[in-house]
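Taken together, the values in this text are just the output of simple stated rules run on the coordinates, not laboratory data. Please read these numbers as outputs of a predicted model, since none were measured by experiment. Note that each Cβ is placed from the backbone with ideal geometry, even for glycine, and that neighbours are counted across all protein chains shown.
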Amino acid sequence: MKVISSKSDILNQDFIACGFRFITSEYYMSKENLASLHDLKKLFDTELEEDGLVYRKRAYLKLCWNKLNDLITVPMNQVYYQTPQSNKVDGGHVRQFKGMHAKVLEIPIVKSIITKNLKMLRHYQPLKMDKYLTVGLHFIRYEVSESGASYSSPDWLHQDDEPLVFIHLIHLSRYALGGDNLIADSSSQKITHVVRLENEIDTLVLNKNVYHAVTPLGSRKGVASRDVILFTVEPQYSQQCEMETICA
């Protein structure tokens with residue numbers, strides 16, 4: 001597995017073929033934005049709500065990126081849609097999550113994540129012809145006690161609708177068990193890699209050339225949590241619901 005820390009060609013042809021890449025936290029973090037990680041972590045305590053399950057909380061912010069003028073806007077329509085093919089549990093209908101306030105974009109570490117990811121995207125060949133991209137920021141906390149388990153949806157190997165997904169680890173409790181990312185071959189669906197994000201802002205980026213899943217989260221002692229930001233990327237037309245255009 002290749003580890004990338006500072007190169008600008010992360011989403012190159014090797015990545016396209018391989019389907020995933022681990023990016024160390026140093027790529028996003030600096031002395032200037034390190035302190036702001038505390039502000040971001042506090043939002044996971046105060047701004048997330050249960051999404052129908054007591055062991056998982058989340059909030060969501062949808063952005064539209066105009067590549068021509070490098071302009072980011074917050075569309076009025078903040079709903080999220082997945083096809084049944086990508087999510088047999090929750091796919092096939094429009095979902096409305098707790099909205100994350102756009103002020104989150106002013107937090108320096110969040111600015112760095114967005115800036116670095118968009119810089120990579122500008123040169124990403126499969127999306128080169130798309131002038132407008134929809135970016136989803138999914139703030140998710142998996143939380144569990146010693147007697148339970150917290151898991152994602154879908155809970156096993158799958159491919160996302162989005163052609164690119166960045167998984168940014170924000171925090172992992174000391175006593176957390178599991179929460180590992182599984183990578184599987186797209187044809188045989190046999191697991192080929194297990195990737196554990198341990199350091200804050202460690203990142204895994206995936207495309208649709210692999211299947212993937214995250215193992216359930218458990219706890220060795222007390223309450224454990226795993227906080228992540230999923231940074232999803234897709235063409236503008238993908239997030240259209242009930243004939244309403246998300247980005248105009």
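So what is the 222 nm mean residue ellipticity for the chain from helices alone, if each DSSP H run of at least 4 adds -39500 (n - 2.57) and you divide by all residues, rounding to the nearest 500 deg cm²/dmol? The helix-only estimate for the chain comes to -3500 deg cm²/dmol at 222 nm. Taking 17 Å as the straight-line reach from the Cα of residue 103, the lysines in range (excluding those fewer than 8 positions away in the same chain) are 41, 42, 62, 111. Each peptide in 14-24, 133-143 gets a packing score, the mean of other Cβ atoms within 10 Å over its residues, and the list from highest to lowest is 133-143, 14-24.
Net charge dipole, the chain: roughly 400 debye, given to the nearest 20, about the Cα centre with Cβ charges of +1 for Lys and Arg and -1 for Asp and Glu. Our coupling estimate for region 108-120, obtained by passing each phi through the Karplus curve with A = 6.51, B = -1.76, C = 1.60 and θ = phi - 60°, is x, 5, 5, 4, 5, 4, 5, 4, 5, 5, 5, 4, 5 Hz, Gly and Pro reported as x.
Backbone phi angles across region 140-147, fed through the Karplus curve with coefficients 6.51, -1.76 and 1.60 (θ = phi - 60°), yield HN-Hα couplings of 10, 10, 9, 9, 7, 9, 4, 9 Hz in residue order; Gly and Pro are listed as x. Evaluated at q = 0.10, 0.11, 0.15 Å⁻¹, the base-10 log of the normalised Debye intensity for region 3-238, with identical point scatterers placed on the Cα atoms, takes the values -0.44, -0.54, -1.08.
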